[in-house]
Amino acid sequence: MKKDENKKLSASEVASAGLVEAGTAQEFITGSWRSERPLWNKDKCIHCLTCWIYCPDSAISVEQGPKGTIVTGVDYNHCKGCGICAKECPDKIKALTMETERK
Amino acid sequence: MIKTVYSKGKLVAKTGNEVMAEAMRQIEPDVVAAYPITPATEIVQIFSQFVADGKVKTEFVAVESEHSAMSATLAACAAGARAMTGTSSQGLCLMWEMLNIAAGLRLPVVMAEVNRAISAPINIHGDQSDTMGARDTGWIQIYSENSQEAYDNMIQAIRIAEQAKLPAMVTTDGFIISHCMEVAEVYPDEDVKKFIGEYKPERFLLDIKRPYTLGSIELQDYYFEHRWQLAQAMRDSTKVIAEVGADFKKTFGREYDFFEKYKLDDAELAIVVIGSTAGTAKVVVDQLREKGIKAGLLKVRVFRPFNGEQIAKDLANIKAIAVLDKADSCSGTFAPLFTDVASALYANGITTPKLVNYVYGLGGREIGIKDLTDIYAALGEIASGKRAVSKNVEYCGVRI
């Protein structure tokens with residue numbers, strides 16, 4: 001599903017050989033079929049960025065803080081709910097936990 | 001007899017394989033990935049020696065199968081390299097999956113292909129079943145009558161493929177051209193390099209400043225548009241092939257068109273054929289002309305794209321035409337070249353010539369002057385109404 005549903009391009013308009021420019025996933029909501037969602041606990045998080053490193057979909061949102069890069073949440077438009085972030089979050093911290101997706 | 005036509009040309013005695021490898025040496029692609037073992041002939045093996053001897057800077061990738069050869073070649077091409085390979089027969093069959101991908105991704109891979117029979121039964125000799133099997137893969141197909149044409153076609157194929165953004169295969173008939181030594185004129189390295197120019201792809205995967213995805217999935221909404229683009233690129237490539245042919249003539253002196261007409265303009269009887277058999281047929285045409293029979297020949301050089309409009313014009317005034325296929329389609333009806341010729345004539349409103357289809361030469365079965373003379377005799381009977389046109393494919397040289 002594209003956020004902005006454009007008209008379909010014709011063969012003369014569409015890029016040659018099905019070439020797709022990098023970064024176009026930004027324009028699409030790809031997390032709608034998630035069955036579980038990660039919950040991020042702001043108070044527990046130590047901003048080690050392990051989740052950000054492991055996320056296969058770049059769905060951990062981060063920003064530049066005064067003391068370095070910090071986690072700001074989960075991008076649910078792109079998170080598929082694979083649970084890797086919750087698995088990799090250090091055991092003593094457990095700032096990310098999985099729960100059943102609510103529709 | 002080949003004579004020099006280019007002021008700086010040099011006559012050499014080489015086999016078809018050797019001249020194709022020589023063309024590859026002069027082209028000096030960035031990458032050659034190949035599986036140099038039978039059924040491939042020695043083209044890439046000779047080329048690998050050039051690499052080993054430091055005569056070219058090409059990266060030679062020895063892979064584990066022809067499927068991998070085409071995969072590595074098209075991948076190198078996608079990365080931004082000028083990439084080539086070579087194969088034959090079963091090797092081309094094993095490449096089939098990747099042939100379609102090279103075309104679908106619009107990668108200008110150029111391949112030296114030697115036409116050899118396909119199994120079973122096992123046979124290493126010359127026929128065109130292998131490339132006819134790949135006729136619908138989106139590859140440009142250029143066939144050669146002799147070593148000179150194989151060499152010239154290889155040089156032109158680089159520019160044709162890169163301008164048309166389509167892969168191209170240049171073929172020779174197995175053994176008859178590939179292993180037969182004859183005189184060919186070669187041009188100086190720097191002149192060939194100047195003619196082909198540098199490969200400058202608009203987009204390539206190693207361009208890290210402009211990253212993109214190539215080869216993604218496309219379902220009902222966009223697949224068809226991209227396949228249309230591929231088919232349209234093949235239609236548009238006729239212009240590219242004509243332009244490159246014209247520039248080749250201007251540069252090196254030899255003329256190349258989609259078809260070669262030999263004594264065809266005033267002919268009443270004509271053979272249409274691909275490859276080395278055209279050489280034999282020219283001798284037969286000359287003999288018949290001496291007897292006052294208006295025989296002519298049309299040799300198909302470029303089979304994909306098939307220039308139907310041109311061939312319809314060329315054949316419009318012939319009374320009886322025999323289309324010779326060195327491959328059978330086992331379709332229950334006619335063989336590949338005949339089908340295209342007949343469709344082209346009908347679509348262009350040419351319905352007067354009587355057409356007959358002969359399948360010949362499978363597995364390297366000889367076709368000689370007598371066979372072709374007999375075909376022209378049959379055409380004479382068909383033209384005069386003494387003999388009916390067969391409603392099915394005829395065979396030349398098989399014991400039925």
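Values quoted throughout were computed directly from the atomic coordinates according to the rules given, and no laboratory measurement underlies them. Worth saying up front: this structure is predicted, and the values here are computed from it rather than measured. No Cβ is skipped: glycine too gets one built from the backbone with ideal geometry, and neighbour counts run over all protein chains shown.
Cross-linked pairs B:K194/B:K282; B:K14/B:K249; A:K67/A:K92: Cα-Cα separations exceed 31 Å for B:K194/B:K282.
Shape summary: chain B maps onto an equivalent ellipsoid whose semi-axes, from the alpha-carbon gyration tensor, are 35, 24, 20 Å in decreasing order. Annotation: the antiparallel percentage among DSSP beta bridges lying fully within chain B is about 25. Short-range pairs are left out: with C-alpha atoms under 8 Å and at least six residues apart, the relative contact order of chain A is 33 percent. Calculated from the alpha-carbon coordinates, region B:259-396 shows an Rg and a Dmax of 13.5, 39 Å respectively.
Evaluate the relative contact order of chain B (contact order divided by residue number), counting alpha-carbon pairs under 8 angstrom at least 6 apart; express in whole percent.
The normalised contact order for chain B reaches 16 percent.
Could you give the semi-axes, largest first, of the ellipsoid that matches region A:16-100, computed as the square roots of 5 times the alpha carbon gyration tensor eigenvalues and rounded to whole Å? Don't skip to the end; give the middle numbers.
Details: eigenvalues 127, 54, 21 Å².
After scaling each eigenvalue by five and taking roots: 25, 16, 10 Å.
Across peptide A:13-26, the average count of Cβ atoms from other chains found within 10 Å of a residue's Cβ is 6. Using a Cα-Cα cut-off of under 18 Å, which lysines could be cross-linked to A:K80, ignoring same-chain neighbours fewer than 8 residues away? Qualifying lysines at Cα under 18 Å: A:K2, A:K3, A:K103. I need the trypsin sites (Lys or Arg not before Pro) found in region B:1-69, filtered to DSSP loop residues with at most 14 other beta carbons within 10 Å of theirs. The qualifying sites are B:K3, B:K8, B:K55, B:K57.
Taking a cut-off of 28 Å, what percent of all Cα-Cα pairs in the protein assembly as shown are separated by more than that?
Working: 76141 of 126253 pairs.
Tail fraction, whole percent: 60.
Residue by residue along B:104-111, Cβ atoms of other protein chains within 10 Å of the local Cβ number 1 on average. Cα centroid separation, region B:275-309 to region B:95-120: 27 Å. Among the residues of B:390-398, the average count of other protein chain beta-carbon atoms within 10 Å of the residue beta-carbon is 0. What shape does region B:160-260 take by its C-alpha gyration tensor, where a ≥ b ≥ c are the square roots of the eigenvalues and a/c under 1.5 counts as rounded, a/b above b/c as prolate, and the rest as oblate? In terms of gyration-tensor shape, prolate.
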